[in-house]
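The values are calculated or read from the model by the stated rules, or taken from the named source; none is laboratory data. All values derive from a computational prediction rather than experimental measurement. Positions of Cβ are backbone-derived with ideal geometry, glycine not excepted, and every protein chain shown enters the neighbour counts.
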Amino acid sequence: MNRKIGQYGGKLPGTLILAFGALHGNEPAGVHALEEVFRILEKEHSTHPGFKFRGKMVGFIGHLQAFEKKVRFLEKDLNRIWEPDFVEQLLHDKNDHTAGEAREIIEIFESIRAEIEAFPSQKIVLLDLHTTSADGGIFSIPTDETESLAMARELHVPVILRLQDSIEGPLLKFAAAGHFKTAPATVTAIAFEAGQHDDPQSVQRAPLQPLYAACAPQVVATEAT
Ligand SMILES: [Zn+2]
């Protein structure tokens with residue numbers, strides 16, 4: 001199985017959107033939503049030849065090994081171990097880390113770096129799509145950066161403020177702090193909880209909402225034909 005779910009755009013300058021589903025392997029909804037968005041974008045392109053998309057969007061499976069096994073994680077929660085020193089050490093001794101969450105971190109880091117190099121952009125948006133075990137509805141979890149808060153507001157779903165402060169080692173905190181060596185580009189990172197794991201609504205629809213919201217500013221309005 002490929003970590004990269006798909007990509008779209010890359011012909012016009014603009015924001016690089018990096019979207020992750022299943023950073024917890026038992027949360028497939030984000031992966032299915034990403035597949036759906038790429039299908040919609042391709043279809044739009046073939047039915048409206050004038051359809052243009054600024055920037056580029058790339059979708060990834062977060063925890064590939066856990067996703068294949070349909071489990072949340074192997075040994076450690078992959079969304080709690082993005083500590084800069086730990087990641088740096090893994091990258092330094094990467095030949096010693098060919099399994100478990102360490103391998104996922106190294107591969108995600110290298111995948112993100114490859115996308116940044118392939119499509120240099122002033123602005124990077126990192127979306128992290130989750131579902132929950134409890135029926136908590138749909139909400140967004142921004143970092144406390146202005147851009148992330150602004151994006152959360154635009155989505156018209158409840159916003160949980162400062163949750164990132166109380167969590168150790170989430171991917172988005174690492175990304176927002178620039179540890180993917182994104183400078184001079186700025187990173188806007190935001191997570192979404194899109195309903196319950198096994199609710200058909202969250203598998204089919206809910207994570208589409210933040211994806212549409214992220215794509216909307218990228219679409220160049222074309223004249224109706
Ligand atoms: Zn999750």
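Residues of segment 76-87 that are more than 14 Å from the ligand (Cβ to nearest atom), within 19 Å of the chain's Cα centre (by Cα) and charged (D, E, K, R): Glu83 alone.
Selection within segment 47-70: residues that are in a strand (DSSP E or B) and away from the ligand (no atom under 15 Å from the Cβ). The member of this set that is farthest from Lys11 (Cα to Cα) is Gly59.
A single entry from Phe139, Phe73 fulfils the requirement of being within 18 Å of the chain's Cα centre (by Cα) and in a strand (DSSP E or B): Phe139. For segment 143-162, enumerate the residues that are surrounded by fewer than 17 Cβ atoms within 10 Å (Cβ to Cβ) and of a type in the set (S, T, N, Q). Residue satisfying the conditions is Thr146 alone.
One line per residue, one yes/no per condition, for (1) surrounded by fewer than 14 Cβ atoms within 10 Å (Cβ to Cβ); (2) out of contact with any helix residue (DSSP H, G or I) (no Cβ under 7 Å at 6 or more places or on another chain); (3) hydroxyl-bearing (Ser, Thr, Tyr):
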| position | (1), (2), (3) |
| --- | --- |
| Gly21 | no, no, no |
| Glu42 | yes, yes, no |
| His45 | no, yes, no |
| Phe51 | no, no, no |
| Gln65 | no, no, no |
| Glu75 | yes, no, no |
| Ile81 | no, no, no |
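With the structure loaded, tell me whether Gly178 is within 16 Å of the ligand (Cβ to nearest atom), in contact with a strand residue (DSSP E or B) (Cβ under 8 Å, 6 or more places away or on another chain) and either modelled with pLDDT under 85 or small (Gly, Ala, Ser) (or both) or whether it fails that test. No: the conditions fail for Gly178. Within segment 117-133, the residues that satisfy the criterion of being within 16 Å of the ligand (Cβ to nearest atom) and either at pLDDT 95 or above or within 11 Å of the chain's Cα centre (by Cα) (or both) are Leu126, Leu127, Asp128, Leu129, His130.
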